[in-house]
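Colleague: Let me begin by handing over the structure; questions about it come next.
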Amino acid sequence: MKQTLFILFLLFSVFSYSQENCNNGIDDDGDGKIDLNDEDCICNNSTINSIIPNPSFEVYAKCPKSYSELNLATPWIQASGATTDYFNKCGLIAPGIKTAGLDNFPDGNGIVGAIFKKDFQEYVGSTLLSPMKAGVNYQLTLNIAALSLNGEYKLTNDKYEPVNLTLFGCINGDNLPIQTSGGPTSADPTWVELGHTTYSSSPNWGEITIFFTPKTDINAIILGAPDKLPASYPESGSGLFPYFLYDNLLLNTTESFGINITQNGNFCDNTLVLKANLTTAADPTKTYQWYHNGIAIVGATNDFYKVASVDTNLGQYSVKLTDD
């Protein structure tokens, strides 16, 4: 049995409540929205500033009308010869994205899409607002979804094995784009892999995190496929392709995120345990509350949560830390 579980890495500090309780799994104010899904549950949490400019692709020079127009989402750069697509609700959205129900973008109106085919690997690239420092722990947290499309960008039912979504970095902030349609490091040795996380393709928006510690200062990044794709991924001439969507790319020091969720065990084996890990100091009286799809899990108030292996438990998990 292979199931997909999405985990959100979020920090909530202090909530201000209206009629909605926000902690009890009940629609207290009768508006059809429960707990974190209710706008009444306003949280005063420290904003995570991404050192990537335009991290949610909301700033644009013009609305996209065709594919391969990442350059419209300024100042993002087509990182290689295989050109990434920019989608915005003011303009173009690929038909397969709509068919899959992925046009409910996680953060605003803009996203990007990238093809993962052998020798045709699309990447997004950017010079950073401030350099990452050698020896400091960083993380990139982003929203992601994946689907299979044909040459007309229409949805297909093809499936692909998990892949390492990979972050590359370079000391030289002006070293973009790379003159290749393949992997970055094989084309230009000044680019190095900073880190990766294994992603199991899913036609649902989820959130993943790449943790890493650069060995040198880094001034520019590239995100996308690993240098070498898994065996099941198609060749460049194939009319079908795995397609990956990105939104809300938050890059900063691990400490600035405040809290992260790690997982041990396996959902299908009924051994999955989620653990909330603090990355900054908190008051000894701090309390936790776990949420499933934005709804409070009654009694889940420890710094860990065991996820029972039943289908209704699939979805997105988050944790709130209250630090008075």
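Colleague: Conditions first: (1) without any contact (Cβ under 8 Å) to a residue 60 or more places away in the chain; (2) farther than 25 Å from Thr99 by Cβ; (3) of a type outside the set (A, V, I, L, M, F, W, C). Gly237 passes all but one, so which condition is the exception?
Modeller: (2)
Colleague: Which number in (1) surrounded by 17 or more Cβ atoms within 10 Å (Cβ to Cβ); (2) in contact with a strand residue (DSSP E or B) (Cβ under 6 Å, 6 or more places away or on another chain); (3) not basic (Lys, Arg) marks the one condition that Thr180 misses?
Modeller: Single failed check for Thr180: (2).
Residue-wise test of (1) buried (at least 18 other Cβ atoms within 10 Å of the Cβ); (2) over 29 Å from Asp27 (Cβ atoms).
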| position | (1), (2) |
| --- | --- |
| Ser236 | no, yes |
| Phe244 | yes, yes |
| Asn252 | yes, yes |
| Ile261 | yes, no |
| Leu274 | yes, no |
| Thr287 | no, no |
| His292 | yes, no |
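Colleague: Are there any pairs with C-beta distances below 8 angstrom linking a residue in the stretch 139-161 that is in the same structural domain as Gly195 (by TED's automatic domain parsing) to a residue that is basic (Lys, Arg) and part of a loop (DSSP other than H, G, I, E, B), with the two at least 6 apart or on different chains, and if so which?
Modeller: Ser148/Lys159
Colleague: What's the total number of residues in the stretch 61-91 that are within 21 Å of Ile115 (Cβ to Cβ), part of a loop (DSSP other than H, G, I, E, B) and of a type outside the set (Asp, Glu)? Steps first, answer last, please.
Modeller: Of all residues in the stretch 61-91, those within 21 Å of Ile115 (Cβ to Cβ) come to 64-73, 76-88, 91.
Okay, now just the ones that are also part of a loop (DSSP other than H, G, I, E, B), so 64-69, 73, 76, 79-84, 91.
Right, trim to of a type outside the set (Asp, Glu) and you get 64-68, 73, 76, 79-84, 91.
Adding up the residues that qualify gives 14.
One line per residue, one yes/no per condition, for (1) β-branched (Val, Ile, Thr); (2) within 17 Å of the chain's Cα centre (by Cα); (3) surrounded by fewer than 17 Cβ atoms within 10 Å (Cβ to Cβ):
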{"site": "Gly108", "(1), (2), (3)": "no, yes, yes"}
{"site": "Asp119", "(1), (2), (3)": "no, no, yes"}
{"site": "Val124", "(1), (2), (3)": "yes, yes, no"}
{"site": "Ser130", "(1), (2), (3)": "no, no, yes"}
{"site": "Ala134", "(1), (2), (3)": "no, no, yes"}
{"site": "Asn137", "(1), (2), (3)": "no, no, yes"}
{"site": "Leu142", "(1), (2), (3)": "no, yes, no"}
{"site": "Glu152", "(1), (2), (3)": "no, no, yes"}
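Colleague: Condition check: of a type in the set (Ser, Thr, Tyr) and either within 29 Å of Asn54 (Cβ to Cβ) or in the same structural domain as Phe116 (by TED's automatic domain parsing) (or both). Does Ser256 satisfy that? Show your work before the answer.
Modeller: On the way: of a type in the set (Ser, Thr, Tyr): yes; either within 29 Å of Asn54 (Cβ to Cβ) or in the same structural domain as Phe116 (by TED's automatic domain parsing) (or both): yes.
So Ser256 fits the description; yes.
Colleague: Exactly one condition in (1) within 24 Å of Asn204 (Cβ to Cβ); (2) of a type outside the set (Val, Ile, Thr); (3) surrounded by fewer than 22 Cβ atoms within 10 Å (Cβ to Cβ); (4) not assigned by TED's automatic domain parsing to the domain that holds Ser232 is not met by Phe57; state its number.
Modeller: (3)
Colleague: Here's something else I'd like to know. Quick one: which strands (runs of 3 or more DSSP E) lie wholly within the stretch 122-212 and hold at least 2 residues that are polar (S, T, N, Q)?
Modeller: Details: elements: 124-132, 138-150, 163-170, 192-199, 206-212.
Filter on the stretch 122-212 gives 124-132, 138-150, 163-170, 192-199.
Colleague: Considering only the stretch 104-111, I want to know if a residue exists there that is assigned by TED's automatic domain parsing to the domain that holds Thr209, part of a strand (DSSP E or B) and not aromatic (Phe, Trp, Tyr). It would help to see each step written out before you state the result.
Modeller: First pass over the stretch 104-111, keeping only residues assigned by TED's automatic domain parsing to the domain that holds Thr209: 104-111.
Adding the requirement that they be part of a strand (DSSP E or B) leaves 110-111.
Imposing the further condition that a residue be not aromatic (Phe, Trp, Tyr) reduces the set to 110-111.
Scanning the stretch 104-111, I find at least one residue that is assigned by TED's automatic domain parsing to the domain that holds Thr209, part of a strand (DSSP E or B) and not aromatic (Phe, Trp, Tyr), so the answer is yes.
Colleague: Report whether or not Leu249 is assigned by TED's automatic domain parsing to the domain that holds Gly96 and at negative phi.
Modeller: Considered against the rule, which asks whether it is assigned by TED's automatic domain parsing to the domain that holds Gly96 and at negative phi, Leu249 comes out as yes.
The values are calculated or read from the model by the stated rules, or taken from the named source; none is laboratory data. Keep in mind that this is a model prediction, so the values were computed, not measured. Don't worry about glycine lacking a Cβ; one is built from the backbone with ideal geometry, like all the others, and counts go over all protein chains shown.
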